[in-house]
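Written below as structure tokens is the structure these notes are about.
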Amino acid sequence: MIFSPQSKVWIYQSNRKFTDQETTAIQDILDRFVEQWTAHGQQLKAKAEIFYQYFIVLTVDQEMANATGCSIDASVRTIKEIESKFGLDLFDRFNMAYKIDDLVHVATKEDFETLISIKKIGLNTIVFNNLVQTLEDFEQKWEVPLQDSWHKNIFAEQLGN
């Protein structure tokens, strides 16, 4: 299935890595949800994917039908059910995800600040910009060096800027 570059994207980041078994079970729940995901009775052209065993990414191609308030609420309910069933935190926007040696790590905002202060994280560290809203931006601007992300402004003091 091909999705428009302007497809709407929602990213949910976990506070911890999913186990292999959790990844399979979560993907099953997401697949069942996407199969019946509708807006005002119209089937949405949608997909749900798991990346790095930390991120759930929902995509809706709005060229066929737009995600509406009710359909977005339904997706949030599904994510909350996953969160509850597996003991995850998928809504804490203060958890920072980054890559070191191609491994994804998640830290609290405070721990992230400390890692910057002790130079474990720098301007070239890859961070995840979970604020992207389109498939095109997801593909091009989701994984970026800290210096090219909103993170740089938030952590300017720790970075010495």
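The values are calculated or read from the model by the stated rules, or taken from the named source; none is laboratory data. None of these values were measured; they are calculated from a predicted model. Don't worry about glycine lacking a Cβ; one is built from the backbone with ideal geometry, like all the others, and counts go over all protein chains shown.
Identify all residues within region 16-67 that are of a type in the set (Lys, Arg) and either more than 18 Å from residue 78 (Cα to Cα) or touching a Lys or Arg at 6+ places or on another chain (Cβ under 7 Å) (or both); write none if there are none. 16, 17 - these are the residues of region 16-67 that are of a type in the set (Lys, Arg) and either more than 18 Å from residue 78 (Cα to Cα) or touching a Lys or Arg at 6+ places or on another chain (Cβ under 7 Å) (or both).
Given the criterion crowded, with 20+ Cβ neighbours inside 10 Å, outside the structural domain of residue 155 (by TED's automatic domain parsing) and modelled with pLDDT of 95 or more, identify the matching residue among 116, 26, 121. I'd like the intermediate steps shown before the answer.
Numbers: 116 fails: outside the structural domain of residue 155 (by TED's automatic domain parsing); 121 fails: outside the structural domain of residue 155 (by TED's automatic domain parsing).
Of 116, 26, 121, the one residue that is crowded, with 20+ Cβ neighbours inside 10 Å, outside the structural domain of residue 155 (by TED's automatic domain parsing) and modelled with pLDDT of 95 or more is 26.
For the structure I just gave you, tell me whether residue 104 is touching a residue at least 40 places away in the same chain (Cβ under 8 Å), in the same structural domain as residue 141 (by TED's automatic domain parsing) and in contact with a strand residue (DSSP E or B) (Cβ under 8 Å, 6 or more places away or on another chain). Break it down into steps so the answer makes sense when it comes.
Numbers: touching a residue at least 40 places away in the same chain (Cβ under 8 Å): yes; in the same structural domain as residue 141 (by TED's automatic domain parsing): yes; in contact with a strand residue (DSSP E or B) (Cβ under 8 Å, 6 or more places away or on another chain): yes.
It is true that residue 104 is touching a residue at least 40 places away in the same chain (Cβ under 8 Å), in the same structural domain as residue 141 (by TED's automatic domain parsing) and in contact with a strand residue (DSSP E or B) (Cβ under 8 Å, 6 or more places away or on another chain).
Screening the candidates 74, 39, 65, 46 for the property of being surrounded by 16 or more Cβ atoms within 10 Å (Cβ to Cβ), free of Cβ contacts under 8 Å to residues at least 24 places away in the same chain, more than 29 Å from residue 109 (Cβ to Cβ) and not hydroxyl-bearing (Ser, Thr, Tyr) yields one hit, 46.
Considering region 91-113, the residues that are under 16 Å from the mean Cα position of the chain (by Cα) and aromatic (Phe, Trp, Tyr) include one that is surrounded by the most Cβ atoms within 10 Å (Cβ to Cβ), namely 98.
If you go through region 143-161 and keep only what is within 23 Å of residue 55 (Cα to Cα) and in a helix (DSSP H, G or I), you end up with 146, 147, 148, 151, 152, 154. Among the residues of region 107-142, those identified as touching a Ser or Thr at 6+ places or on another chain (Cβ under 7 Å) and either within 17 Å of residue 94 (Cα to Cα) or assigned to a loop (DSSP other than H, G, I, E, B) (or both) are 127, 129.
Here is a yes/no grid of residues against (1) touching a strand residue (DSSP E or B) at 6+ places or on another chain (Cβ under 6 Å); (2) within 20 Å of residue 56 (Cβ to Cβ):
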site: 82; (1), (2): no, yes
site: 96; (1), (2): yes, yes
site: 117; (1), (2): no, no
site: 138; (1), (2): yes, yes
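Could you list all residues from region 124-153 that are loosely packed, with under 15 Cβ neighbours inside 10 Å and among the hydrophobic types (A, V, I, L, M, F, W, C)? Answer for region 124-153, where residues must be loosely packed, with under 15 Cβ neighbours inside 10 Å and among the hydrophobic types (A, V, I, L, M, F, W, C): 131, 150.
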